Amino acid sequence: QVQLVESGGGLVQAGGSLRLSCLASGNIVSINAVGWYRQNPGKPRELVAVETNEGSTNYAAPVKDRFTISRDRAKNRVYLQMNSLKPEDTAVYYCNALAYGVEYWGKGTLVTVSS
């Protein structure tokens, strides 16, 4: 089992920055990949960024060159640095971990970008 807790969401003006943090606990040695997803009401959850244990990263086209995913293994944390935020980035952001083929999710943190 892996537990994930997100933090760092909030209200920011367009053009601003936020850094989301995800604290992982439990059987973290089993994690193969970590990622961030986002969701708005009535819409499907969508991938934002993912990083494998080998360091390979993948970003959704709308956030590429603005967002950066990173890990601090010593602190069991995953970060999402979000720069040049746009109103369309408004969503609940979820931390995700893949471990032995099982996906784990946090409860999410709300990011609101005002125009």
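A few comments on the model shown:
- Nearest-20 debye value, the range 1-90 charge dipole, Cβ charges on Lys, Arg, Asp, Glu: 100 debye
- Applying the Karplus relation 6.51 cos²θ - 1.76 cosθ + 1.60 with θ = phi - 60° to the range 99-115 yields 3J(HN,Hα) values of 9, 6, x, 10, 9, 10, 10, x, 8, x, 9, 8, 10, 10, 10, 8, 8 Hz, where x marks Gly and Pro.
- HN-Hα J in Hz across the range 15-22 - Karplus 6.51, -1.76, 1.60, θ = phi - 60°, x for Gly and Pro: x, x, 10, 9, 10, 8, 10, 10
- Per atom type, the range 1-65 shows carbon and sulfur on 50% of its accessible surface, probed at 1.4 Å.
- Neighbour net charge for GLY108 - beta-carbon separation under 10 angstrom, K R +1, D E -1: +2
- Amide H to amide H distances under 5 Å link VAL2 with ASN27, where only residues 5 or more positions off or on other chains count and H is placed in the peptide plane.
- A simple packing score, the average count of other Cβ atoms within 10 Å per residue, orders the peptides 3-9, 80-86 as 80-86, 3-9, with the highest score first.
- Share of Cα-Cα pairs in the range 2-64 lying beyond 16 Å, as whole percent: 60 percent
- Separation of alpha-carbon centers, the range 41-82 and the range 83-112, rounded to whole Å: 8 Å
- Solvent-accessible area per residue in the chain equals 54 Å², computed with a 1.4 angstrom probe and all protein chains kept.
- The value given for the chain is a Kirkwood hydrodynamic radius of 14.0 Å, derived from the mean inverse Cα-Cα separation.
- Dividing the convex hull volume of the alpha-carbon atoms in the range 71-115 by its residue count gives 93 Å³ per residue.
The values are calculated or read from the model by the stated rules, or taken from the named source; none is laboratory data. Keep in mind the model is a prediction, meaning the values are calculated, not measured. So basically every Cβ, Gly included, is an ideal-geometry build from the backbone, and we count neighbours across all protein chains shown. When the accessible area is computed, the model is the full protein with side chains, heavy atoms only, and any ligands, DNA or RNA have been set aside. Shrake-Rupley method; radii C 1.70, N 1.55, O 1.52, S 1.80 Å.
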